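All remarks here apply to the structure that follows.
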Amino acid sequence: MPSNVPPFSELMARCTHSAVHLEMRDQYGVSDEAEDFATWLRTGQRDTDPASEYWTPWVDLISRAVARGVTVRRARIISEPVSDYIRYEHAATIVNVHAGEQVRWLPRRQASDIALPGNDFWLFDDRVIRWGYFSGDGAAVGHEISDDPTAAKLCAQSFEAVWERAVPHDQYDIR
């Protein structure tokens, strides 16, 4: 994996008008979520306090970007019935929304005719891509930056196609 990938916070700080994130997995095994996910599986309780130690860095980062005029959107393509992990994500998405993100959900069966990149991504200002790479069990294995115009165009077009069909967070029934 390339070692020249700037921190996410730096990419967001450089962003001037739009940051979009497309998630396409039904399970993520991100190490800093492991304890929280295990607790949620046991108890059904999820930290949804935007001021908590867990959420404050994210909320601050996104809130600052939105205050600068950056539109931050996240779309999730999901299988139905949803996985436990997607239920876990859904349970705390209200914090993403509180921070200023717009979030939508698209059932995978409605994405069959959309040309999608092979990996999750963030696209900043329609030109800088931060690819996210994951192992088969969902563990994060790295990131890569690209400013390839053809790939950026694919990411922008696929995101917009997903966004157009997806259901806003407050209207998506996780059941």
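The values are calculated or read from the model by the stated rules, or taken from the named source; none is laboratory data. Small disclaimer: the values here were computed from a predicted structure and weren't measured. Note that each Cβ is placed from the backbone with ideal geometry, even for glycine, and that neighbours are counted across all protein chains shown.
Anything in the stretch 153-167 that is surrounded by fewer than 19 Cβ atoms within 10 Å (Cβ to Cβ) and either among the basic types (Lys, Arg) or over 9 Å from Leu106 (Cα atoms) (or both)? List them, or say none.
Going through the stretch 153-167, the residues surrounded by fewer than 19 Cβ atoms within 10 Å (Cβ to Cβ) turn out to be 153-154, 156-157, 160-161, 163-165, 167.
Result: Lys153, Leu154, Ala156, Gln157, Glu160, Ala161, Glu164, Arg165.
Checking the structure you have, find out if any residue of the stretch 58-73 is of a type in the set (D, E, K, R) and closer than 21 Å to Ala139 by Cβ. Let's see the steps before the verdict.
Restricting attention to the stretch 58-73, the residues satisfying the condition of being of a type in the set (D, E, K, R) are 60, 64, 68, 73.
Applying the additional criterion that residues be closer than 21 Å to Ala139 by Cβ yields none.
Within the stretch 58-73, not a single residue is of a type in the set (D, E, K, R) and closer than 21 Å to Ala139 by Cβ.
State which residue pairs qualify: first residue over 25 Å from Arg14 (Cβ atoms) and inside the stretch 110-136, second residue in a loop (DSSP other than H, G, I, E, B) and modelled with pLDDT of 95 or more in any location, beta carbons under 8 Å apart, and separation of 6 or more residues or different chains.
If the second residue must be in a loop (DSSP other than H, G, I, E, B) and modelled with pLDDT of 95 or more, the pairs left are Leu116/Met24.
Here is a list of conditions, (1) farther than 28 Å from Ser63 by Cβ; (2) part of a loop (DSSP other than H, G, I, E, B), and Asp173 meets all of them except one; can you say which number that is?
For Asp173, the failing item is (1).
Each row is one residue, and each column tells you yes or no for (1) out of contact with any strand residue (DSSP E or B) (no Cβ under 8 Å at 6 or more places or on another chain); (2) hydroxyl-bearing (Ser, Thr, Tyr); (3) surrounded by fewer than 19 Cβ atoms within 10 Å (Cβ to Cβ); (4) under 22 Å from Ser31 (Cα atoms).
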| position | (1), (2), (3), (4) |
| --- | --- |
| Pro57 | yes, no, yes, yes |
| Arg74 | no, no, no, yes |
| Ser83 | yes, yes, yes, yes |
| Arg87 | yes, no, yes, yes |
| Val103 | no, no, no, no |
| Ala115 | yes, no, yes, no |
| Tyr133 | no, yes, yes, yes |
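Just to verify a result, which residue in the stretch 59-72, among those that are in contact with a strand residue (DSSP E or B) (Cβ under 9 Å, 6 or more places away or on another chain) and hydrophobic (A, V, I, L, M, F, W, C), is surrounded by the fewest Cβ atoms within 10 Å (Cβ to Cβ)?
Residues of the stretch 59-72 in contact with a strand residue (DSSP E or B) (Cβ under 9 Å, 6 or more places away or on another chain): 62, 65-66, 70-72.
Of the ones still in play, those that are also hydrophobic (A, V, I, L, M, F, W, C) are 62, 65-66, 70, 72.
Values: Ile62: 21, Ala65: 23, Val66: 16, Val70: 19, Val72: 22.
Among those residues, the one meeting the criterion is Val66.
What is the one condition in (1) surrounded by 13 or more Cβ atoms within 10 Å (Cβ to Cβ); (2) over 23 Å from Leu123 (Cβ atoms) that Met12 does not satisfy?
Result: Met12 fails condition (2) only.
Evaluate the following for Glu23: is it loosely packed, with under 11 Cβ neighbours inside 10 Å and at negative phi? I'd like the intermediate steps shown before the answer.
Working: loosely packed, with under 11 Cβ neighbours inside 10 Å: no; at negative phi: yes.
No: the conditions fail for Glu23.
Tally the residues that are in contact (Cβ under 8 Å) with a residue 24 or more places away in the chain and closer than 11 Å to Leu123 by Cβ, restricting the search to the stretch 146-175. Outline the logic, then answer.
Of all residues in the stretch 146-175, those in contact (Cβ under 8 Å) with a residue 24 or more places away in the chain come to 151-152, 154-159, 161-163, 165-170, 172, 174.
Subset that is closer than 11 Å to Leu123 by Cβ: 151-152, 154-159.
Of the residues in that region, 8 qualify.
How many of the residues in the stretch 141-152 are surrounded by 15 or more Cβ atoms within 10 Å (Cβ to Cβ) and either among the small types (Gly, Ala, Ser) or touching a Gly at 6+ places or on another chain (Cβ under 7 Å) (or both)?
4
Identify the residue in the stretch 79-106 that is in contact (Cβ under 8 Å) with a residue 40 or more places away in the chain and not in a helix (DSSP H, G or I) and, among all such residues, is farthest from Glu160 (Cα to Cα).
Ser83
Out of all the residues in the stretch 135-152, which are within 27 Å of Val66 (Cβ to Cβ) and either touching a strand residue (DSSP E or B) at 6+ places or on another chain (Cβ under 7 Å) or at pLDDT below 95 (or both)?
Here is the first cut: in the stretch 135-152, the ones within 27 Å of Val66 (Cβ to Cβ) are 140, 143-147, 149, 151-152.
Hits for the stretch 135-152 are Ala140, His143, Glu144, Ile145, Ser146, Asp147, Ala151, Ala152.
Of all residues in the stretch 30-84, count the ones that are acidic (Asp, Glu) and under 21 Å from Asp120 (Cβ atoms). Lay out the reasoning, then the answer.
Going through the stretch 30-84, the residues acidic (Asp, Glu) turn out to be 32-33, 35-36, 47, 49, 53, 60, 80, 84.
Now restrict to residues that are under 21 Å from Asp120 (Cβ atoms): 32-33, 36, 80, 84.
Qualifying residue count for the region: 5.
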